[in-house]
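One structure is given below, encoded as structure tokens.
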Amino acid sequence: MILTAVRANVAVLQQGIDLLATLGADRYTRRVPVCFDAAPGGHIRHIIDHYLGLLDGLGRGEVDYEHRARDPLVERDVDYARGVMESIVARLEELARADGDCALQVHAETADPAGGRSATGSSSLLRELEFLLSHTVHHYALVAMMCRILGHEPPRDFGVAPSTMKYRREQALKGGAVLQPAPGGATSAG
């Protein structure tokens, strides 16, 4: 199961690496006011921080997504960000060779109103890989919207969940009509 989860994460990260190779430095850092005044680089940095949180915490058996590096260079330099993503892919592929699940303690991102330490819960490597996959796809959907606003059309499946792509393929094989994203983000039967 870990092997499958790693492969799915690697495939999604590769989508990001490929997008960054074509996006350009200006679009990567340009803020989009209608998207919370964020830039694609901020979302990519956030995704990277989460993967590093998992990978760096594995040795301790403890993952803390709240304590992120928030490296400003990742937000500002598209080539640097792409390199960091490539190194994450290499680290994930190393995990795939082990292909074993392990128990983890995860610090929740829920803020404690009293200012104390946030809650810690039990999880597993598999569960956290599934979380990161979903988290990445959802941020990619925002990045895809930003790209379109900035005049750069991302690949058709960028920001689409692997399960949705699988469903679309199955429906196409059955000859059924499936809602497909059209250029610009609208949906159409296809």
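The values are calculated or read from the model by the stated rules, or taken from the named source; none is laboratory data. Computed from a predicted model, the values in this text were never measured in an experiment. In this analysis, Cβ positions are derived from the backbone assuming ideal geometry, glycine residues included, and neighbour counts consider all displayed protein chains. These accessible areas exclude ligands, DNA and RNA; they are computed on the full protein's heavy atoms, side chains included. Shrake-Rupley method; radii C 1.70, N 1.55, O 1.52, S 1.80 Å.
When you go through (1) in a helix (DSSP H, G or I); (2) surrounded by fewer than 16 Cβ atoms within 10 Å (Cβ to Cβ); (3) over 12 Å from the mean Cα position of the chain (by Cα) one by one for residue 155, which number turns out not to apply?
Condition (1) is where residue 155 drops out.
Quick check, is residue 110 touching a residue at least 60 places away in the same chain (Cβ under 8 Å), over 21 Å from residue 7 (Cα atoms) and out of contact with any strand residue (DSSP E or B) (no Cβ under 7 Å at 6 or more places or on another chain)?
So residue 110 fails the test.
Only residues in region 114-135 that are farther than 17 Å from residue 8 by Cα count as the first member; pair them with residues that are modelled with pLDDT of 95 or more and open to solvent by less than 40 Å² (accessible area, probe 1.4 Å), Cβ under 7 angstrom, at least 6 apart or cross-chain, and list the lot.
What qualifies is 120/106; 121/106; 123/104; 123/106.
Do any residues in region 162-174 that are closer than 12 Å to residue 12 by Cβ and without any contact (Cβ under 8 Å) to a residue 12 or more places away in the chain have Cβ atoms under 6 Å from those of residues that are of a type outside the set (Phe, Trp, Tyr) and not in a helix (DSSP H, G or I), where the two are at least six apart or on different chains, and which pairs are they?
Partner pairs satisfying both residue conditions: 165/157.
Mind counting the residues in region 1-44 that are closer than 30 Å to residue 100 by Cβ and assigned to a helix (DSSP H, G or I)?
18
Which is surrounded by fewer than 13 Cβ atoms within 10 Å (Cβ to Cβ), in a helix (DSSP H, G or I) and modelled with pLDDT of 90 or more, of 142, 173, 133?
After applying the criteria, what remains is 173.
Could you please let me know if residue 83 is within 23 Å of residue 159 (Cα to Cα) and touching a strand residue (DSSP E or B) at 6+ places or on another chain (Cβ under 7 Å)?
For residue 83, the condition - within 23 Å of residue 159 (Cα to Cα) and touching a strand residue (DSSP E or B) at 6+ places or on another chain (Cβ under 7 Å) - is not met.
Suppose we filter 96, 69 for residues that are of a type in the set (A, V, I, L, M) and assigned to a loop (DSSP other than H, G, I, E, B); which single one remains?
Exactly one of 96, 69 is of a type in the set (A, V, I, L, M) and assigned to a loop (DSSP other than H, G, I, E, B), namely 69.
If you check 79, 56, 18, 37, which single one turns out to be over 18 Å from the mean Cα position of the chain (by Cα) and open to solvent by 50 Å² or more (accessible area, probe 1.4 Å)?
Answer to the check: 37.
Against the condition at pLDDT 95 or above and open to solvent by 20 Å² or more (accessible area, probe 1.4 Å), how does residue 31 come out, does it pass?
yes
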